[in-house]
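Written out below as structure tokens is the structure these notes cover.
Bear in mind these aren't lab numbers, they're just calculated from the coordinates by the rules spelled out. Remember, it's a predicted structure, so these values are computed and weren't measured experimentally. Methodologically, a virtual Cβ is constructed for each residue, glycine included, from the backbone with ideal geometry; neighbour enumeration extends over all protein chains shown.
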Amino acid sequence: MTVQPTQGGAHAVDAGRLWAGGAATAVVAGLIAVVGILVARGVFDVPVLAPEGEGTWGDADTPQYALWCALAALLATGLMHLLVISTPRPLRFFGWIIALATLAAAFAPFVTNGSTSSKVATAVINLAVGIAIGTLVSGAARSAMRTRRTGPGYPQVRY
């Protein structure tokens, strides 16, 4: 496919590199969730995502929560890919979107029923996951983006 890019600088993205970074970020996000729950339940005895009687690992909600965190990382990677190929300053837009989504996730536990300690622990885990997703996907995108020069004197870009 031949792309007739506009004049000036534009971003080309190595999609394989970006998505490999996104997949690795998904693993990290899921593990942050699991470790956060283990620390909250096992060390601080805070019932996160399950009643106290469920033990350190909690119940079926623990792996489901980790999978949702991993999915969030993959969605963030898709968003980044879309921003890189369609917007100016994609890293800035991504930063704002992820920061606001992370804040929403961090404050979400406070509008639910439960103990204050459980709400705080869940908020801290959500914040850690959001920060990890934001920084790791941004880093993957930075390493996957190549500025291409287009216009007079520059060849057409082929994908």
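The calculated FRET efficiency for the pair Leu38 and Ser143, based on their C-beta separation and a Förster distance of 35 Å, comes to about 0.65.
Working from label points 7 Å from Cα in the Cα-to-Cβ sense, the Leu103 to Ala15 distance is 3.4 nm. Using a simple spin-label model with pseudo-atoms 7 Å out from Cα toward Cβ, Ile131 and Asp45 lie 2.7 nm apart. Here the extension length gained between Asn113 and Thr87 equals 5.4 nm, from 0.36 nm per residue of separation less the Cα-Cα distance.
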